[in-house]
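This report concerns only the one structure given below.
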Amino acid sequence: MEGPQDNHQDATSLNKLDDPLQSTSPQISVSEFSCHCCYDILVNPTTLNCGHSFCRHCLALWWVSSKKTECPECREKWEGFPKVNILLRDAIEKLFPDAIRIRLEDIQQNNDVVQSLTVFQKYGNDQMPVAANAGRVNQRRGGGFFSGVLTALTAVAVVLLVYHWSSREAEHDLLVHKAVAKWTAEEVVLWLEQLGPWASLYRDRFLSERVNGRLLLTLTEEEFSGAPFTIENSSHRRAILMELERAKALGVKPPQNLWEYKHLREPTWKQWREFLVKYSFLPYQLIAEFAWDWLEVHYWTSRFLIVNAMLLSVLEFFSFWRIWSRSELKTVPQRMWSHFWKVSTQGLFVAMFWPLIPQFVCNCLFYWALYFNPIINIDLVVKEVRRLETQVL
C-alpha cells in the first residue's frame, strides 16, 4: 500500500517531466554561454566558419580595430559576412532574459559600440553583392546547370567567331566609308550578298556583267526584271531597289551591323548630350529604344536585348527595394554618384580604346554579353524573388 510520501514524489516527478526546461535550467549557468572576447553572456551571438561564437558588437569592435576578417580566437579567416546565429540567440534570450536585457541597455548607451556596429554592418552590406556574385559563379564545385550551359555556349561561340573572323574581309575594305560610284564589281557582289542568303542566287549574273558602282546606280526595276539579271521574284527586286535607294541617299553602303557603325563619322554634340543623359540615368531604356528601332531588321537579336533590359530593370528594382527595407535611403545619392563615376569611367575607357580593339575581341565580348547575359540575369531574378519570399515568410 502506497503512502502519502510516495504520492508526493510521483507528482513531483510528473511535474518535472511536463516542464523539462525547469528541471535542467538550474544546471545551466551564464558562463556556458559566454563570449570569448568580453567573457560576458553572448548578445546577438555570431558564429564564424570555424565554429566559434562571439557577441555581435565584440566582433564589430575586433574588425574595426584590426581590419582583419579572421576569428579573434583561432585566427581562421571567415568567408562572406558573418550572420547572427538565430537559434543560439533565441535560446539564450529565453534562458537568461534579464541578463540579456541589462546587456542590451549597456550596449545601446555606449556610443563607440553603436558606431562600430554601424560601420561593421555597412561593410557587410557592401560585401553582399560581391559575395553573392562569387557564390553564383562558384556556388558548387564543378558549377551548376547554368555554368555548364554557359561554358558550352561560350566554346561554340568562340569557334564560330574564329571561323567568321578568318573568313571576313579586312576592316579597311568595309564599304561604309567608300563611295558607291567607286565600288568594283567584286564590291557590288559583296554588297548584294549582305542583303541576305537569297541574294546569292544572283551573284554570278552580276559578276558576269561586271556591274560596278557607277553602273549599279543607273539600274532600274525594269532592267533588274529583264535579261541579263532576270530577277523574277518581285520581293527580291523590291529589296534590292530599297537598299540601292538608301545607298544613293547616303553615298555609301548603309551600315547593317555594329562594326560598320564603328566606321561611320562621329555623332553630333546634340546626339552626344542625349546619349550621355540616358546613359547615366536611363541606361536600360537606351538599350531598349535601340533594340526597338531594329525590331523588324534583327528579329532575335532585338528581342534578346529588350528581354535583357527588362531583367536588368527588375534587378535594379530589387536593389532599391533592399535599400528602402534597410532604411538606407540616405545612402542613395552616394550610391548614385559612385555608379555614375563607375559607368562614366568605363564609358570613357571604351571610347578611348574602341578604335584600337580588334574586331575578333569585340565579337567575343559583344555576342557573349548579348546572348548569355539574359540567361545569367534570369537566374539572378529568380534568386532575388526567392530571397524576397523568404524575408516575407
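Hey, does region 292-300 have a residue that's surrounded by 12 or more Cβ atoms within 10 Å (Cβ to Cβ) and modelled with pLDDT of 80 or more? The answer is yes; a qualifying residue exists. Those helices (runs of 4 or more DSSP H) of region 29-120 in which at least 3 residues are open to solvent by less than 50 Å² (accessible area, probe 1.4 Å) and closer than 23 Å to Glu328 by Cβ, considering only elements entirely within it, cover 56-66. Here the helices (runs of 4 or more DSSP H) wholly within region 144-234 that include at least 2 residues being open to solvent by less than 80 Å² (accessible area, probe 1.4 Å) and at pLDDT below 65 are 145-166. Among the residues of region 235-248, those that are under 41 Å from the mean Cα position of the chain (by Cα) and loosely packed, with under 13 Cβ neighbours inside 10 Å comprise Met242, Arg246.
Checking Val343, Val332 one by one, the residue that is open to solvent by less than 60 Å² (accessible area, probe 1.4 Å), among the β-branched types (Val, Ile, Thr), over 15 Å from Leu282 (Cα atoms) and modelled with pLDDT under 80 is Val332 and no other. When only residues in region 359-375 that are touching a helix residue (DSSP H, G or I) at 6+ places or on another chain (Cβ under 7 Å) and closer than 18 Å to Met310 by Cβ count, which is modelled with the lowest pLDDT? In this case the residue turns out to be Leu370. Taking helices (runs of 4 or more DSSP H) as the structural unit, those lying wholly within region 289-393 and holding at least 2 residues that are closer than 25 Å to Gln194 by Cβ correspond to 299-325, 359-392. Quick check, is Arg265 among the basic types (Lys, Arg) and at pLDDT below 75? It is true that Arg265 is among the basic types (Lys, Arg) and at pLDDT below 75.
What do you reckon, is Leu311 surrounded by 12 or more Cβ atoms within 10 Å (Cβ to Cβ) and in contact with a Pro (Cβ under 9 Å, 6 or more places away or on another chain)? Spell out how you get there, then give the answer.
Values: surrounded by 12 or more Cβ atoms within 10 Å (Cβ to Cβ): yes; in contact with a Pro (Cβ under 9 Å, 6 or more places away or on another chain): yes.
It is true that Leu311 is surrounded by 12 or more Cβ atoms within 10 Å (Cβ to Cβ) and in contact with a Pro (Cβ under 9 Å, 6 or more places away or on another chain).
The values are calculated or read from the model by the stated rules, or taken from the named source; none is laboratory data. On a predicted model such as this, the values are computed, not experimentally measured, just so you know. Cβ coordinates were reconstructed from backbone atoms using ideal geometry, including for glycine residues, and neighbour counts include every protein chain displayed. Quick note on the areas: whole protein, heavy atoms, side chains included, nothing else; ligands and nucleic acids left out. Shrake-Rupley method; radii C 1.70, N 1.55, O 1.52, S 1.80 Å.
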